[in-house]
Amino acid sequence: MAHRFGLDSLVVREGRFYGWGWFLDDAARAVQCELRLPLRDGGEQAVTCVPGGTREDLRRAYPQVPHAVSSGFLLQGKLRDALDPQRPARLVATLANGEVRYCEVHRLPHPATAGGALRRALGKWRREGGRALLAALRARGQARLHGAWARRRLLGRLRRWGARPLTLVIDHGMGGGANRYRHALVDRLAAAGPVLVLAPVLHELQYRLDLHADGRSLECRLPRLPDLLALLQRLPRLDIQVNELVSYDDPLALLDWLRVQRARGAGELVFHLHDYHAACPAWTLVDHTGAYCGVPDTDVCRRCLPANTANTMGFTPGVTVPQWRAAWGPFLQDCDRIVAFSQASAEILAKAYPRLPREKITVQPHTVDASRLRPVRPHPGPPLVIGVVGHISAAKGALVLRDMARLIRERGLPMRIVVFGTLEHHDVADGIEVLGEYVAAELPDLLERQRVGVCLLPSVCAETYSFVTDELMAMRAPLAVFPIGAPAERVAHYNRGLVISRIDAATALDEIAAFAARVLPAAAPPGQ
C-alpha cells in the first residue's frame with residue numbers, strides 16, 4: 001500500500017519550533033505520528049504530531065482514500081538543543097491496523113535569525129554608512145524593513161501621550177471565540193483612549209504589538225517577547241487586560257512581568273477566563289488519555305502532564321502543575337477582577353485555587369445575537385438524525401462521535417450523525433456525514449433540510465461558555481450535552497434539553513433515543 005507525506009512548514013526560532021504537515025497511507029488512517037528531529041548533540045528529539053483539523057486540499061487530491069481529509073497534523077514545542085541540518089528527520093506513523101511507517105525528511109529549515117541579521121546590519125550602518133543597512137534590509141525582504149521602522153514609529157507615538165493612561169490587551173493569535181471577544185473588547189476600549197494589543201504570531205514564531213488610536217493602527221513585530229516587554233516597560237502607566245496566555249513560549253515569565261508592573265503602579269489588572277490555562281498547561285483539562293480530568297489531586301497531574309504534550313502545545317516542558325499554580329496563584333490574587341463567562345467555569349477555577357477570594361470573580365455571560373435565527377421544526381425520523389454543529393476537535397468530542405457512529409453501525413440503529421461544520425479524526429467510512437462550514441443565519445434551514453431531530457454538543461472538555469449552545473437554544477432545537485461545563489449549566493434549565501448522565505458513546509445513544517421519544521412529535525402517518 002502506498003503512503004505519502006509532506007512537511008508543509010517548519011519554523012525554528014529562539015529554540016522553539018512550529019509547523020504543520022500531513023501523512024496519508026492508503027491502507028489505514030494514522031492513529032499516531034511522531035517527528036524525530038536530529039539534534040546537534042548527536043541525539044534526536046521525538047515530537048508528537050497533533051491532529052491538525054480538516055484538509056480539504058488532501059480530500060480533493062486523494063478522493064479514493066476515505067481518511068485523506070483527516071491526515072493533517074501540527075507540531076510545536078521547544079528544542080533541547082539546536083537542530084542538526086546535516087541529518088534527516090524521521091516521521092514515524094502508527095496506523096490503525098497496527099502497522100508502522102517510516103519516512104525521511106531531508107530538508108530542515110535553518111533557524112530564523114532576523115534579529116541577528118538586523119543587529120549586524122546596524123553595526124555596518126555605524127561603520128560604513130546607511131547604504132549598507134538599506135541593502136541588507138532589502139536582501140532580507142520588505143517585511144523586515146517595515147518591522148524595524150514600525151518599532152521606531154511606535155515608540156515615537158507612545159512618547160507623545162506622556163503620562164496619559166494606555167490599555168494593554170494580552171491575547172493569543174489562534175482564532176476562535178477568545179479572539180472574537182478581544183476584538184470587541186479593543187473596539188470598546190479604543191473609544192475611550194489608546195489601546196495596545198500583544199499577541200503571538202505562531203506561524204512565524206514572532207510577537208506582534210499593535211497600537212490602536214485615533215481610528216488608526218500601527219503594528220510592530222519582534223521575534224523575542226522580552227524585547228517587546230522592555231518597550232512596554234518604558235510606559236508610565238498601563239491598564240492591563242489579560243485575555244489569553246495560551247501559545248506564549250514562556251507564560252510564567254510573562255506572569256512575573258505582569259506582577260512587576262502591578263508592583264510599580266500599573267492601573268487596573270483584569271483576567272478573562274476563556275479556558276483553564278490558569279489551572280494547568282493543558283488548558284482544556286483534557287488529560288493524556290483524552291478524558292476530562294476534573295482538576296484531580298496533583299499526584300495525578302504529575303503522571304499525566306509529561307505524557308500530555310498534545311494538549312499543552314509543548315512550550316512548557318518540565319513544568320509541574322504545582323510550579324504552574326505557584327506562578328498563576330499570586331497573579332490571580334493581584335487581579336482586580338476575574339471575568340468568568342459561566343458559574344461552572346468559576347467553580348472549576350476555584351477548585352484549582354481554593355484560597356482565591358470568590359468576590360474577585362464576576363460571572364458575565366457572553367451576549368449572543370440570535371435575531372437571525374428562527375425556531376426550527378425537529379424531525380422525529382426514522383432515522384433519528386443527530387445534528388452536531390461547529391468545529392469538532394478531539395476536545396470537542398470527535399472521538400466520542402466516532403464511537404457513537406461505530407455503535408450505530410454495529411447495532412443497526414435507525415440513527416445517523418450529521419456534522420454542520422468540520423470534524424477532526426474523520427474517515428468517510430465511519431458513516432458520519434460532514435457538511436463543512438456554514439453561515440450562521442442559514443443554520444435553521446440546514447437543520448431542517450437534513451431532517452435533524454436532536455442536536456448534540458459532544459464536548460468532552462468543560463467549556464467555559466458555548467455560543468453554539470445559545471444558538472441552538474434560540475432556535476428551540478432539542479439539545480443534548482454531556483454533564484460538564486457551561487453547556488450542562490445552561491441546558492439543565494432548558495425545557496428541550498438533555499444532560500447525558502456520563503461521557504460515554506453507548507450511554508449517549510441510549511439516552512438520546514429515549515429523549516427523542518419524549519420530546520419529538522410523533523411521525524406523520526404515511527401519505528401525509
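Centre-to-centre, using Cα atoms only, region 1-75 and region 309-371 are separated by 32 Å.
Pair-distance distribution of region 162-363: all C-alpha pairs, bin width 5 Å, starting at 0; shares per bin in whole percent are 1, 7, 15, 19, 21, 17, 11, 6, 2, 1, 0. Among 324, 20, 257, the order by Cβ neighbours within 10 angstrom, fewest to most, reads 257, 20, 324. Summing charges over neighbours of residue 392, with a neighbour being any other residue whose Cβ is under 12 Å away from its Cβ, gives +1 when K and R count +1 and D and E count -1.
Round to the nearest 10 and give me the degree value, 0 to 90, for the angle of helix 343-352's Cα axis relative to the longest principal axis of the chain. That helix lies at roughly 60 degrees to the long axis. Summing +1 for each Lys or Arg and -1 for each Asp or Glu among the other residues whose beta-carbon sits under 12 angstrom from that of residue 518 gives 0. Under 5 Å from the amide H of residue 67 lie the amide H atoms of 428, each residue being 5 or more positions distant or on a separate chain, with H modelled from the backbone and absent for Pro and chain starts. Express in whole angstrom the spacing between the alpha-carbon centres of region 173-234 and region 459-483. Centre-to-centre distance over Cα atoms comes out at 31 Å. Taking Cα atoms, how many degrees apart are the long axis of helix 398-411 and the longest axis of the chain, rounded to 10 and kept between 0 and 90? Around 20 degrees separate the two axes. For region 391-528, taking the reciprocal of the average inverse distance between every pair of different Cα atoms yields a Kirkwood hydrodynamic radius of 15.4 Å. Across region 216-373, C-alpha contacts under 8 Å between residues 6 or more apart give a mean separation that, scaled by the residue count, equals a relative contact order of 23 percent. Here the residues 220, 455, ranked from fewest to most Cβ neighbours within 10 Å of their Cβ, fall in the order 220, 455. Per-residue 3J(HN,Hα) values for region 267-272, derived from phi via the Karplus relation 6.51 cos²θ - 1.76 cosθ + 1.60 with θ = phi - 60°, read x, 5, 10, 10, 10, 10 Hz in sequence order (x marks Gly and Pro).
Ranking of 457, 413, 225 by neighbouring Cβ atoms within 10 Å, starting from the fewest: 413, 225, 457. For a 4.7 Å threshold on C-beta separation, the list of partnerless cysteines in the chain reads 103, 220, 280, 293, 301, 304, 335, 455, 461.
As a length-normalised measure over Cα pairs under 8 Å and 6 or more apart, the relative contact order of region 3-105 settles at 31 percent. The C-alpha atoms of the chain define a longest principal axis, and helix 114-128 lies at about 20 degrees to it. Going by a ≥ b ≥ c, the root eigenvalues of the Cα gyration tensor, does region 3-105 fall in the rounded group (a/c under 1.5), the prolate group (a/b larger than b/c) or the oblate group? Verdict is prolate for region 3-105. Here the translational diffusion coefficient of region 358-442 follows from Stokes-Einstein with Rh set to the Kirkwood radius across Cα pairs; for 20 °C and 1.002 mPa s it amounts to 142 µm²/s. Close amide-amide hydrogen proximity is noted between residue 498 and 479, 480, 481, each under 5 Å apart and 5 or more residues distant or on a separate chain (H modeled in the peptide plane; Pro and chain starts excluded). Taking amide H as placed 1.01 Å from N in the peptide plane, residue 379 has its amide H under 5 Å from the amide H of 452, 453, each at least 5 places away in sequence or on another chain.
In the chain, helices alone account for a calculated mean residue ellipticity at 222 nm of -10000 deg cm²/dmol, with every DSSP H run of four or more residues adding -39,500 (n - 2.57). Volume of the convex hull of the chain (Cα atoms only), normalised per residue: 180 Å³. Considering only alpha-carbon pairs that sit under 8 angstrom and 6 or more positions apart, the relative contact order computed for the chain is 11 percent. Over region 253-405, the hull volume per residue, using the convex hull of the C-alpha atoms, is 159 Å³.
We did not get these values from a lab; they are worked out from the coordinates using the rules stated. The shown structure was predicted, so the numbers you read here are calculated from the model rather than taken from an experiment. As a convention, Cβ positions derive from the backbone with ideal geometry for all residues, glycine included, and neighbour counts pool all protein chains shown.
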